[in-house]
Amino acid sequence: MVKVTLKDGSKIEVEENSTILDVAKKISEGLARNATCGEINEETKDLRYTITEDCNLIIHTFKDDDLEGKKAYWHTTSHIMAQAVKRLFPEVKLAIGPAIDNGFYYDFDIENPFTDEDKEKIEEEMKKIIKENIEIERFTLPKAEALKLMENEPYKKELIEELAEGEEISFYKQGDFTDLCAGPHLMNTGCVKAVKILSSSGAYWRGNEKNKMLQRIYAISFPKASELQAYLDFLEEAKQRDHRRIGKDLDLFCFSDYVGGGLPLYTPKGTIVKESLQKEVEGICRKYGFQKVSCPSLANISLFETSGHAQKFDDELFRVSSKKGHEFVLKPVQCPHHTQLFASKQRSYKDLPIRYMESDKQYRAELQGSVGGLSRVYAITVEDGHSFCRVDQVKQEVINMCNIIRDFYTSMGLWEDHWVSLSVRDYDHPEKYIGSKEDWDICEEMLQEVSDELNLEAVRCEGEAALYGPKLDFMFKDAMGREVQIPTVQVDFSTPKRFGLFYIDENGEKQTPVMVHRAILGSYERIIALLLEHFKGNLPIWLSPVQVKVLPISEKHVDYCRELVEELEEAGLRVELDDRNEKIGYKIREAQMMKIPYMLVIGDKEKEAKEITVRSRSKGDLGNMDLEEFVEKIKNQIQNKQ
């Protein structure tokens, strides 16, 4: 008999050479039906894996919060898809088919891209294979035999040839289909219940553009048809909320091949949104003593060598040179520049804390295939801030920054649904960080105290710290339930020492300041993408690039409408006049599509009474109103960030 320690700490005894599935059955038939794989001493294994000694065991199901159970399910379905493709297109060559965070994909070498008709046939063939309920068998081969088995699969041969001699090479067989794979897999194809092919695209072998372009098919599967339908509904809702579509529809930003991918261009309307966010966050930060600064986008590489960024992020640097001998780097971060502002003159302990804030472009050489929309770009407009302070001031500075985050995200309507991570170092690999152990200990203790005092209930996350220090990361959920990390506060004892920063203390001696980093809205690109998707384009009125649209019913009402526009502009509102010779219904529908918060419909009755008829994008017709009353109502909504 062997002793098996389960996830909850309880122990059971089973016969030696029992499988993980046998253990699941001993616990309950329900668990055995839902189990997809197991984790033996932190190694993920098949349900068919035999237990030969005492061990720790976690049995995973599809419904688990972690992805292990889902990935075994999805990886099995990827083999079902590969088998279906092979049946329909025998000449195809197989590449790889991993599970990903949402489903799986498989890459195929085939002469022509898959058509929509091809994908429908593949999906139907997958369903047939599932109905056939084919048993899935695992076996291993030595390297020479493995190469012989895969002699007609060049991509599999390449993977096998890279394996060291003596390394276990495993395969999975289901009926007439065999694939090179480390697993784990379900027991048979019938375990998969509902499947859907989602999309296809081109993909370079191993992600290298020098290699051949393959055809990738994305798909997903679920244990229940209802779960699949719920996911498809989620995807449709996400499509409606896609910030790229909304940004284009609302004329907020665009991209140009001449300018280059990953370099967004903000239109007049998009610039209003961006500047409104900047005004809001800077207004809150000024209340806590932050002063605005401006630094160049270029810097000597030595600046980032001293800070440590050049070594850690060398692949992400944009290097700039000229024929006149200039050698610069486009700044990837702003903190090193701010150290030089501090160092520009002698500082006294009485001057501290000194707080800088800046919203400016940073540049990161992201992988070309990963750039898309505003979520990942080369030119990032980052809202950044740094406080240089004494050790005894650090806690209050961190508290202030947490309060700024609270104030800003409350105004955005996002504060209620969040949690906080206390991101600390990886204690097993201290070489990944700069600074002394003593400084790190102090920093982490301070952040824990702040969490306790502010009731943040921060969850300690090892290995998530920044290069130079621990941090508090604030995690929010958007309208789709997706988790997003944007604001952060980071304590840094290391960078000031690397740059030799100092202030003169009360005894006339030099002391090194502490640097506290904070990002409230992070990058304007990411926050705009988040807000567009969260509000489905219906931005709060204070953020809307056009707050009021004036709609004359006919040409004879245009002059009065122009008077209204002037009065609204004098009141500080952002207003547009639609004086086109179009039917009023068309104008209203278009204004509604453009997510305009309020529309003023003006006809004979309104002109004669010197009134306005107000329509809301959310509530429809609000009836007649005096202009002064309307302006007061809108100003109140803007002031209160409604």
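So which residues in the stretch 356-397 are in contact with a Pro (Cβ under 9 Å, 6 or more places away or on another chain), part of a strand (DSSP E or B) and either at pLDDT 95 or above or farther than 30 Å from P513 by Cβ (or both), if there are any at all?
Once the filter is applied, which keeps residues that are in contact with a Pro (Cβ under 9 Å, 6 or more places away or on another chain), part of a strand (DSSP E or B) and either at pLDDT 95 or above or farther than 30 Å from P513 by Cβ (or both), the stretch 356-397 yields A379, S387, F388, C389.
Could you tell me whether R526 is part of a strand (DSSP E or B), closer than 27 Å to C285 by Cα and of a type in the set (D, E, K, R)?
Taking the combined requirement at face value, the residue does not satisfy it.
Within the stretch 56-76, can one find any residue that is at pLDDT below 95, polar (S, T, N, Q) and out of contact with any helix residue (DSSP H, G or I) (no Cβ under 8 Å at 6 or more places or on another chain)?
Scanning the stretch 56-76, I find at least one residue that is at pLDDT below 95, polar (S, T, N, Q) and out of contact with any helix residue (DSSP H, G or I) (no Cβ under 8 Å at 6 or more places or on another chain), so the answer is yes.
Restricting the search to the stretch 133-152, which residues are surrounded by fewer than 15 Cβ atoms within 10 Å (Cβ to Cβ) and either among the acidic types (D, E) or closer than 14 Å to C191 by Cβ (or both)?
Scanning the stretch 133-152 gives N133, E135, E145, E151.
Please go through (1) part of a strand (DSSP E or B); (2) surrounded by 17 or more Cβ atoms within 10 Å (Cβ to Cβ) for M446 and return the number of the only condition it doesn't satisfy.
(1)
How many of the residues in the stretch 589-616 are among the hydrophobic types (A, V, I, L, M, F, W, C) and closer than 16 Å to E555 by Cα?
3
Restricting to the stretch 161-212, give me the number of residues that are within 17 Å of G103 (Cα to Cα), surrounded by fewer than 18 Cβ atoms within 10 Å (Cβ to Cβ) and of a type in the set (S, T, N, Q).
The qualifying residues number 2.
Please enumerate the residues belonging to the stretch 67-95 that are among the β-branched types (V, I, T) and farther than 20 Å from W205 by Cα.
T76, T77, I80 - these are the residues of the stretch 67-95 that are among the β-branched types (V, I, T) and farther than 20 Å from W205 by Cα.
Can you find a residue that is surrounded by fewer than 20 Cβ atoms within 10 Å (Cβ to Cβ), closer than 22 Å to T178 by Cα and of a type in the set (D, E, K, R) anywhere in the stretch 64-73?
no
Can you pull out every residue in the stretch 553-579 that is free of Cβ contacts under 8 Å to residues at least 60 places away in the same chain and under 22 Å from I272 (Cβ atoms)?
Scanning the stretch 553-579 gives C561, R562, V565, E566, E569, E570, V575, E576, L577, D578, D579.
List the pairs whose first member sits in the stretch 199-215 and is under 11 Å from F108 (Cα atoms) and without any contact (Cβ under 8 Å) to a residue 24 or more places away in the chain, whose second member is among the basic types (K, R) and not in a loop (DSSP other than H, G, I, E, B), and whose Cβ atoms are under 6 Å apart, counting only residues at least 6 apart or on separate chains?
S201/R216
Give the residues of the stretch 400-431 that are without any contact (Cβ under 8 Å) to a residue 12 or more places away in the chain and part of a helix (DSSP H, G or I), sorted by residue number.
R406, T410, P430, E431 - these are the residues of the stretch 400-431 that are without any contact (Cβ under 8 Å) to a residue 12 or more places away in the chain and part of a helix (DSSP H, G or I).
Look at E464 and say whether it is touching a residue at least 12 places away in the same chain (Cβ under 8 Å), at positive phi and of a type outside the set (S, T, Y).
no
Within the stretch 265-317, how many residues turn out to be more than 29 Å from I434 (Cα to Cα) and among the aliphatic types (A, V, I, L, M)?
Looking only at that region, the number is 6.
Regarding I130, is this residue surrounded by fewer than 23 Cβ atoms within 10 Å (Cβ to Cβ), at pLDDT 95 or above and of a type outside the set (F, W, Y)?
Yes.
When you scan the stretch 458-510 for strands (runs of 3 or more DSSP E) that lie fully inside it, which ones turn up with 2 or more residues that are under 16 Å from the mean Cα position of the chain (by Cα) and surrounded by 20 or more Cβ atoms within 10 Å (Cβ to Cβ)?
The strands (runs of 3 or more DSSP E) meeting that bar are 471-477, 483-492.
Those residues that are free of Cβ contacts under 8 Å to residues at least 12 places away in the same chain, polar (S, T, N, Q) and not in a strand (DSSP E or B), I need them from the stretch 313-352; list them, please.
Within the stretch 313-352, S322, S344 qualify.
Any residue in the stretch 517-529 that is closer than 15 Å to L543 by Cβ sitting within a Cβ distance under 6 Å of a residue that is modelled with pLDDT of 95 or more and not hydrophobic (A, V, I, L, M, F, W, C)? List the pairs, counting only those 6 or more apart or interchain.
Partner pairs satisfying both residue conditions: Y524/K274.
Within the stretch 529-545, work out how many residues are within 30 Å of V601 (Cα to Cα) and assigned to a helix (DSSP H, G or I).
Number satisfying all stated conditions: 4.
Checking the structure you have, find out if any residue of the stretch 34-53 is outside the structural domain of V192 (by TED's automatic domain parsing), closer than 24 Å to S221 by Cα and of a type in the set (K, R).
Yes, the stretch 34-53 contains a residue that is outside the structural domain of V192 (by TED's automatic domain parsing), closer than 24 Å to S221 by Cα and of a type in the set (K, R).
State all residues of the stretch 275-289 that are in contact with a strand residue (DSSP E or B) (Cβ under 9 Å, 6 or more places away or on another chain), of a type outside the set (G, A, S) and either outside the structural domain of A379 (by TED's automatic domain parsing) or farther than 26 Å from P264 by Cβ (or both); if no residue qualifies, say none.
Selection gives R286, Y288.
Which ones in the stretch 164-178 are touching a strand residue (DSSP E or B) at 6+ places or on another chain (Cβ under 6 Å) and either outside the structural domain of I134 (by TED's automatic domain parsing) or of a type outside the set (K, R) (or both)?
E168, I169, S170, F171, Y172, Q174, T178
How many residues, within the stretch 19-62, are of a type in the set (A, V, I, L, M) and not in a helix (DSSP H, G or I)?
Residues in the stretch 19-62 being of a type in the set (A, V, I, L, M) and not in a helix (DSSP H, G or I): 7 in total.
Does S348 meet the test of being over 30 Å from Q396 (Cα atoms), in the same structural domain as E397 (by TED's automatic domain parsing) and either among the polar types (S, T, N, Q) or modelled with pLDDT of 95 or more (or both)?
no
Just the residues that are in contact with a helix residue (DSSP H, G or I) (Cβ under 8 Å, 6 or more places away or on another chain), of a type in the set (S, T, N, Q) and more than 21 Å from V333 (Cα to Cα), please, taken from the stretch 372-427.
S411
Pick out the one residue from I27, I12, I20, I40 that is at pLDDT 90 or above and within 16 Å of C191 (Cβ to Cβ).
The match here is I20.
The values are calculated or read from the model by the stated rules, or taken from the named source; none is laboratory data. These numbers come from a predicted model, not from an experiment. Note that we place each Cβ from the backbone using ideal geometry, even for glycine, and neighbour counts take in every protein chain shown.
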